[in-house]
Amino acid sequence: MPESLEPDNNNFNVMLLLTLGGSLEAWHNAGHAARELRYYGLIAQKVKQVSVLTYGFKDYQYKETWSPMRILHRLGCIQHYYKYAVVAPFYYWRAFRQANIVKSNQSIGSLVALVGKMIRPSLKMVVRCGWVRTKETIISEQKKSGLSLKVSLFAEWLAFNTANAVITVTESDAQYIVDHYHVNRSKITVVPNAVDEDILFYRIEPTDLSSKIRILLVGRLVEMKNFDRVIDAAAAIDRDIEISIAGEGPLRNQLNDLAQQKGVSVTFLGSVENDEMVHVYHRHDLLLLTEAWGSGMPKVLLEAMSAGIPILASRTRSAQQIMRNEENGFCCNAELDDQIRALNHILSQPVALIERIREQARRDVEQKYSMKSCVEQELALYRRLLVR
């Protein structure tokens, strides 16, 4: 630790490691870059230097966009992500020598940090989990089994137990890591996902559920999101319903075919820039996130709450950290029958109840999930690590 560093200042360097294989180009293409740029831009204002290590060969093109942050784009000719993760600390050895904190954006991106810490033990390693790779997720989404599953679980255990600190976004994810990877709870800090409530401003106009209902779905077009069940539910309800889906994924054609078969109007919006999402939220009457499972803290729920669109969410472990039924949103089970029941219930509610729920959701965002507040919590963790 530099002699000038005191417990109450931020005179240190932070290195952010993108998820294995991740790049700024992918963030920009998916519409996520603006949100991440604001968050790490706030950190960059508070510390001496923020560096971002990516797997994108062309990420140098964002040098000006991400200034004053330093972009450490992919070098050399190594194509395999794991192999590059091992050599990256040597390619950027000077940057690693200058860093005090190295933070992986997800546990799967922590290999670079592990190598960096091996060759420079004084480096403080922080593993952040926007969502915890549970065993269920590794099996269901990543299709791991047998030896591959065991290797993935060992990699998670190694990252969490080697790290100086772990950041999760919910208490339930923290407890999962304690129970399944045997990490001391004192090592884990809960910093929730953040929303820039100024960008995601509140829609003043009341929600009208008396005529055509415009339902919004946001996320990757994959099986666990249950978008097909939303289409089935819309077809089963005797109301004029239009569905919009913001996101991309492998099930687009399948969902389009299902919508045509069921006679449901579905518009695919594709990837939408984060800064434009507030206008998408404002054009719709309900957001549905009735996914089959989930961990972490869904940013789409926080964004919708901030923007003032009523929400129906399934009772996953992740959503229940945020949602309180008929207080700041509506909850249901992921099964089709319960989605139909919940939608009919919502559509029968008086305007006054919907407005009270929208207003409470916005208050929750302002009180618990402000971006500036979350940045301060993260910086406080770094200061604690550097004075130990």
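Each residue in the range 115-172 was checked for being in contact with a strand residue (DSSP E or B) (Cβ under 8 Å, 6 or more places away or on another chain), of a type outside the set (K, R) and not in a loop (DSSP other than H, G, I, E, B), and 13 pass. Select from the range 55-79 the residues that are hydrophobic (A, V, I, L, M, F, W, C) and either assigned to a helix (DSSP H, G or I) or without any contact (Cβ under 8 Å) to a residue 12 or more places away in the chain (or both) and write down the one among them that is surrounded by the fewest Cβ atoms within 10 Å (Cβ to Cβ). Top of the filtered list is C77.
Scanning the range 186-229 for residues that are part of a helix (DSSP H, G or I), in the same structural domain as V166 (by TED's automatic domain parsing) and touching a strand residue (DSSP E or B) at 6+ places or on another chain (Cβ under 7 Å) returns a single hit, K187. The set of residues in the range 14-33 being surrounded by fewer than 18 Cβ atoms within 10 Å (Cβ to Cβ) and in contact with a helix residue (DSSP H, G or I) (Cβ under 8 Å, 6 or more places away or on another chain) consists of G21, H32. Of the residues Y82, Y91, the single one that is of a type outside the set (A, V, I, L, M, F, W, C) and either closer than 24 Å to A165 by Cα or crowded, with 21+ Cβ neighbours inside 10 Å (or both) is Y82.
Only a single criterion out of (1) at pLDDT 95 or above; (2) under 24 Å from the mean Cα position of the chain (by Cα); (3) assigned to a helix (DSSP H, G or I) is not satisfied by A88, namely (2). Which one is nearest to the chain's Cα centre (by Cα), of the residues in the range 187-229 that are polar (S, T, N, Q) and farther than 30 Å from I167 by Cβ? Among those residues, the one meeting the criterion is T207. Considering the range 292-343, and only residues there that are assigned to a loop (DSSP other than H, G, I, E, B) and among the charged types (D, E, K, R), the residue that is modelled with the lowest pLDDT turns out to be R317. If you check A334, A304 for being buried (at least 20 other Cβ atoms within 10 Å of the Cβ) and in the same structural domain as H279 (by TED's automatic domain parsing), only one passes: A304. Of all residues in the range 251-272, those that are assigned by TED's automatic domain parsing to the domain that holds A235 have Cβ atoms under 6 Å from Cβ atoms of residues that are at pLDDT 95 or above and polar (S, T, N, Q), 6 or more apart or on another chain, in T267/S244; L269/S244. Could we say that R356 is over 17 Å from T168 (Cα atoms), modelled with pLDDT under 95 and not assigned by TED's automatic domain parsing to the domain that holds Y176 here? Spelling it out, it is not the case that R356 is over 17 Å from T168 (Cα atoms), modelled with pLDDT under 95 and not assigned by TED's automatic domain parsing to the domain that holds Y176.
The values are calculated or read from the model by the stated rules, or taken from the named source; none is laboratory data. Bear in mind that the values here come from a model prediction, so they are computed numbers and not experimental data. A quick note on method: Cβ atoms are made from the backbone with ideal geometry, for glycine too, and the neighbour counts reach across all protein chains shown.
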